[in-house]
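Down below is the structure, laid out as structure tokens.
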Protein chains: 2
Amino acid sequence: MSPSFAIGIDIGGTSTKIGIVDHSGKVICQDTLVTNTFSSVDLFIDSLYNKIVPMIQQVGGIDTIIGIGVGAPNGNIYSGAIEYAPNLQWKGIIPLASFIQIKFGLPTTLTNDANAAALGEMMYGATKNVPHFIMITLGTGVGSGIVIDGKIVVGHDGFAGELGHTIIRHDGRLHIGTGMRGSVESYASATGVINTALEFLNIQPEKASLLRNYAPESLTSKDIYTCAMQGDDIAKEVFEFTGKILGEALSNFVMFSSPEVIVLFGGLTNAGALIMTPTKFHLEKNLLPIFKNKIKLVFSELNESDAAIIGASALAWEK
Amino acid sequence: MSPSFAIGIDIGGTSTKIGIVDHSGKVICQDTLVTNTFSSVDLFIDSLYNKIVPMIQQVGGIDTIIGIGVGAPNGNIYSGAIEYAPNLQWKGIIPLASFIQIKFGLPTTLTNDANAAALGEMMYGATKNVPHFIMITLGTGVGSGIVIDGKIVVGHDGFAGELGHTIIRHDGRLHIGTGMRGSVESYASATGVINTALEFLNIQPEKASLLRNYAPESLTSKDIYTCAMQGDDIAKEVFEFTGKILGEALSNFVMFSSPEVIVLFGGLTNAGALIMTPTKFHLEKNLLPIFKNKIKLVFSELNESDAAIIGASALAWEK
């Protein structure tokens, strides 16, 4: 019997999503773990194992499984390790792919979470048969997966594609996690959008805004979206500004790899045209003439709740 | 008889360099044309032909030649055309590779001049056996050739690798040629260095400087180098600032493709440590921890006067 399924594991700072996925990208069954409740990697893997073994039985046993793909922050495809991930409590270099492979007896591939997302998009989403594209994940942070000639760019050490940390405003907003100023992530992440809203409220104290009805410390990017949809000027300005920064950043990225498509993915894309329209405008505005009106800027076609698992599972087929 | 030589043609806004190069990268014979004296491409090709045919005879006839490689501004490897090159007087799309191939009866490949330089470096220079590197050409403008997995990145349309036009200072210095503000090229090119010197002289009118002995309109980057080597403070500040901008830009590029080596090439590299030291400092300063102390920043190992021809000739072997 040839294998019909792959296991996808997406490790995030908060939760770890696991699922079994068929070759068409359909998630057959899935579950989650709370990542940071496990003080040691061993305990985490034991818990993964206890969750996944019944799922494997459910789809027909281990012979139906081609392998395991893992997406993780600072995941390195060369070493199969998570290396110094700032938002995980396991410190240093964790050779997670080896640990999982030994525990499960299945070939295991691990990579950066945004690279896994790009692979999922290429296999099942908006960029099937697109050899040159860039995927930007707009979530709590800003990640990226760059595809050139149909291959994920990983660079000489496995860490390529950290476009969220490129600097778009010299001496700009401080990014708490990295200590850098003016990175794309400091503006175009969910956190960045909230900070922009708080700044805009602060510098226009006399201006009425629905955003003032929210406690600053619990404001979310979804709240800002809700206010913008209700016509709130400051909330709309927040998305305008975020799209401006993101569009300018994308135009820099285009001059690197000249992609045919740029895919936006993640929580912020729920804002739809509020984020797409200014991003597209400022992308085009900042391109050299030879790049203008060539690039398709689109939202991911993957279902957000499944995408992380699907992307990770794609790694297993890819191998 | 198997071919022993390749013809390299480097087309610049001012001069076109032509040469016959052996497989070890040695230039056997070379000549130049003044590019913009030819009002039509036909006349240019006729003149190329008249120069090159005797050179071919000199090395043993057309059977000794593998093909022709051409490096040109806005050269597109897919179409073999020069497309809308701002500094050439032939406008629009010029299918130069086809024209040359027909005229000479030899396979002809054309690409962007900075990509040709990167290919030359990979075959004969500092990046032999280095699969991931970025070449930055610091001349009148700033060009780039990006190599990933041993291949030049050309993107979906052939125009990837325009890192000189990425924006490093939002709302920064106007780039006359593109109309963009704050591009790397507006600071880190020879022209940029001169503009920086003029600005620095202007904002410190009371400060003595050897640079004040030069007429502003005829100041060159070499003059600024000469003054810096004589200990002139403002001239030294100019290189410090240029290296700061360039180092910051390189750190952004690293987060894209994570190269093992970055090669600096072109006129500005004659400034040696004056440009290398601040560039390296600000590159490292702006890298995320996972990238720090990994990247070799080096000068090109190609002889500058031959490099353009060697790089272009490398295209013919590559094909």
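The values are calculated or read from the model by the stated rules, or taken from the named source; none is laboratory data. These figures come from a predicted structure and were not determined experimentally. With ideal geometry, Cβ positions are generated from the backbone for all residues, glycine too; neighbour counts draw on all protein chains shown.
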**Asked** Which of the residues spanning the stretch B:86-121 are more than 14 Å from the chain's Cα centre (by Cα) and among the hydrophobic types (A, V, I, L, M, F, W, C)?
**Response** B:Leu88, B:Trp90, B:Ile93, B:Ile94, B:Leu96, B:Ala97, B:Phe99, B:Ile100, B:Ile102, B:Phe104, B:Leu106, B:Leu110
**Item:** First in the stretch A:130-155 and at the interface with another protein chain (Cβ under 8 Å from one of its Cβ atoms), second anywhere and among the hydroxyl-bearing types (Ser, Thr, Tyr) and in a strand (DSSP E or B), Cβ under 8 Å, 6 or more apart
**Value:** A:Val154/A:Thr111
**Request:** Please go through the stretch B:287-307 and pick out each residue that is farther than 15 Å from B:Val254 by Cα and assigned to a helix (DSSP H, G or I).
**Result:** B:Glu304, B:Ser305, B:Asp306, B:Ala307
**Request:** Those residues that are crowded, with 18+ Cβ neighbours inside 10 Å, within 20 Å of the chain's Cα centre (by Cα) and assigned to a strand (DSSP E or B), I need them from the stretch A:6-17; list them, please.
**Result:** A:Ile7, A:Gly8, A:Ile9, A:Asp10, A:Ile11, A:Thr16, A:Lys17
**Asked** Can you tell which of A:Ala249, A:Ala271 is modelled with pLDDT of 95 or more, under 30 Å from B:Ala85 (Cβ atoms) and under 18 Å from the mean Cα position of the chain (by Cα)?
**Response** A:Ala249
**Request:** Could you list, in sequence order, all residues of the stretch A:44-92 that are away from chain B (no Cβ under 14 Å) and charged (D, E, K, R)?
**Result:** A:Asp46, A:Lys51, A:Asp63
**Subset of the stretch A:299-314 [more than 21 Å from A:Ile134 (Cβ to Cβ) and buried (at least 24 other Cβ atoms within 10 Å of the Cβ)]** = A:Ile309, A:Ser313
**Fill in**
Taking the stretch B:97-121 and keeping only residues that are in a helix (DSSP H, G or I), within 15 Å of B:Ala160 (Cα to Cα) and in contact with a Leu (Cβ under 7 Å, 6 or more places away or on another chain), one is left with B:Ala116, B:Leu119
**Request:** Select from the stretch B:293-319 the residues that are at pLDDT 90 or above and among the acidic types (Asp, Glu) and list them in ascending order.
**Result:** B:Glu301
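Just one of B:Lys292, B:Lys296 is without any contact (Cβ under 8 Å) to a residue 12 or more places away in the chain and within 14 Å of another protein chain (Cβ to nearest Cβ); which is it?
Testing whether each residue is without any contact (Cβ under 8 Å) to a residue 12 or more places away in the chain and within 14 Å of another protein chain (Cβ to nearest Cβ) leaves just B:Lys292.
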**Prompt:** For B:Thr242, which of the numbered conditions (1) within 14 Å of chain A (Cβ to nearest Cβ); (2) modelled with pLDDT of 95 or more fails to hold?
**Reply:** (1)
**Request:** Please state which of the following conditions B:Gly155 fails to meet, knowing it meets all the rest: (1) farther than 18 Å from B:Gly247 by Cβ; (2) touching a strand residue (DSSP E or B) at 6+ places or on another chain (Cβ under 7 Å); (3) not in a strand (DSSP E or B).
**Result:** (2)
**Request:** Considering every residue within the stretch B:156-171, establish whether at least one is among the hydroxyl-bearing types (Ser, Thr, Tyr) and modelled with pLDDT under 95.
**Result:** no
**Asked** Counting just the residues of the stretch A:156-174 that are within 7 Å of chain B (Cβ to nearest Cβ) and free of Cβ contacts under 8 Å to residues at least 40 places away in the same chain, which one comes out surrounded by the fewest Cβ atoms within 10 Å (Cβ to Cβ)?
**Response** A:His170
**Request:** Please indicate, with yes or no, whether at least one residue in the stretch A:175-182 is within 13 Å of another protein chain (Cβ to nearest Cβ), in contact with a Gly (Cβ under 9 Å, 6 or more places away or on another chain) and without any contact (Cβ under 8 Å) to a residue 12 or more places away in the chain.
**Result:** yes
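Would you pick out the residues in the stretch A:51-83 that are hydroxyl-bearing (Ser, Thr, Tyr) and closer than 19 Å to A:Gly145 by Cα?
Of everything in the stretch A:51-83, those that are hydroxyl-bearing (Ser, Thr, Tyr) and closer than 19 Å to A:Gly145 by Cα turn out to be A:Tyr78, A:Ser79.
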**Request:** Spot the failing condition for A:Ile146; the list is (1) among the aliphatic types (A, V, I, L, M); (2) closer than 14 Å to A:Leu246 by Cβ; (3) in a strand (DSSP E or B), and only one is missed.
**Result:** (2)
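Every residue, every condition in (1) small (Gly, Ala, Ser); (2) at pLDDT 95 or above; (3) under 30 Å from A:Lys296 (Cα atoms), yes or no:
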site: A:Lys51; (1), (2), (3): no, yes, no
site: A:Ile56; (1), (2), (3): no, yes, no
site: A:Ala81; (1), (2), (3): yes, yes, no
site: A:Phe104; (1), (2), (3): no, yes, no
site: A:Met122; (1), (2), (3): no, yes, yes
site: A:His132; (1), (2), (3): no, yes, yes
**Request:** Specify the residue that is nearest to the other protein chains (Cβ to nearest Cβ); the eligible residues are those in the stretch B:183-199 that are among the hydrophobic types (A, V, I, L, M, F, W, C) and touching a residue at least 40 places away in the same chain (Cβ under 8 Å).
**Result:** B:Val184
